[in-house]
1. Take each of the peptides 195-203, 269-277, 214-222, 132-140, average the number of other beta-carbon atoms within 10 Å over its residues, and list them starting from the highest.
2. Among 319-327, 204-212, how do they line up by average Cβ neighbours within 10 Å per residue, starting with the highest?
3. Along the principal axes of its C-alpha atoms, what lengths does the stretch 54-146 span, in descending order and rounded to whole Å?
4. Could you give the accessible area per residue of the stretch 74-161, probe 1.4 Å, as a whole number in Å²?
5. Could you list log10 I(q)/I(0) for the stretch 156-236 at q = 0.24, 0.26 Å⁻¹, which the Debye formula gives when each Cα is one point scatterer?
6. What FRET efficiency, computed as 1/(1 + (r/R0)^6) with R0 = 22 Å and r the Cβ-Cβ distance, is obtained for Thr56 and His308, rounded to the nearest 0.05?
7. So for the stretch 263-347, if I pair up every lysine 8 or more residues apart or on another chain, how many of those pairs have alpha-carbons under 14 Å apart?
8. Give me the three principal axis extents of the stretch 22-103 from the C-alpha atoms, as integers in angstrom, largest value leading.
Amino acid sequence: MSDNKREQRKNEHVEIAMAQKDATISDFDEIRFVHHSIPNIDVDDVNIQSELKDFTLKKPLYINAMTGGSEWTKEINEKLAIIARETGMAMAVGSTHAALRNSKMISSFSIVRETNPDGIIFSNVGADVPVDKAVESVKLLDAQALQVHVNAPQELVMPEGNRTFSTWMENLAQIVAHVEVPVIVKEVGFGMSKETIKQLHEIGIRYVDVSGRGGTNFVDIENERRTHKDMDYLGLWGQTTVESLLESTAHQQDMDILASGGVRTPLDAVKCLALGASAVGMSRPFLNQVEHHGITEAINYAEQFTDHMKKIMTMLDTPTIKDLKQSEMIFSPKLESWIEQRGLNIR
């Protein structure tokens, strides 16, 4: 594929993603917290700092992987980096493959580190990238972690997508062995199973972003790009973020589970943390905020979002994220059925 076509594809991904709408009904609505009337803490007692195995996040909310690889997406990445810098949030860039292939595209990613020199930044590659390129991707951004995205359904619907996946797990093991920063294996919106998480743990992965169904839908995006839009029936493929977090329960003690995919509100984010996530990623909400309302409003949106999370944690009488994981929750029959059929040991 030519560089011009790759750049066009990056722009198409962003344009179609921005046009997608959040789900009005979500598995997040299948969970309720038990309300107790008199908290024993004040809002100022709540500490939302998140302690991960290798670094600390000032806030448990991060800007998740979105874009890069074109002039337009360079502008977007610069704006998002300003938001990350001003709010203290971590930020992940989109796949750096374009920069690894074409040095002219490096600035569309490196602008993030230039804009936010002291922030926590995750670089990003695909599961098929050669090990030396994974190392190069980390150096490109002086990144604190490397996201490796796994996106088999997207590739299979993408007209020019990958058709070979049998080497992914071995390649992931090699990346873990040779990259000097933590490796985060990240789904792109199809969720994860307990079997996948177990396999990843066995090869040395200590971070996964389960990225469940419910947010940006890459099957729909790639189907829209097809000449014959004939794979729309896969639009509901995969596990939701809630189902994926339930699937991760057995490994939450020895891995950091990150949650993304369809997070609409601060309440959704708090539910992710209560279900065992160490942090919560959002992409399209930040993209839409910065592109439709500007940087200042996007910063205000992020600050209000985390402020509301603190208020919800106050109602739950949970001053820390660790305390939040002990919250009493009620699952709907739909989720109870998933838990039972999948044989999950949920507290």
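The values are calculated or read from the model by the stated rules, or taken from the named source; none is laboratory data. None of these values were measured; they are calculated from a predicted model. Here Cβ is always computed from backbone atoms with ideal geometry, including for glycine, and neighbour counts include all displayed protein chains. Areas reflect the complete protein model, heavy atoms only, side chains present, ligands, DNA and RNA absent. Shrake-Rupley method; radii C 1.70, N 1.55, O 1.52, S 1.80 Å.
1. Peptide ranking by packing, descending: 269-277, 214-222, 132-140, 195-203.
2. 204-212, 319-327
3. The Cα atoms of the stretch 54-146 stretch 33, 30, 18 Å along the principal axes, largest first.
4. I get 34 Å² per residue for this part.
5. Treating every Cα as an identical point scatterer, log10 I(q)/I(0) equals -1.15, -1.21.
6. Here the calculated transfer efficiency is 0.50.
7. Summing the qualifying lysine pairs gives 5.
8. Here the Cα extents, ordered largest to smallest, are 58, 31, 24 Å.
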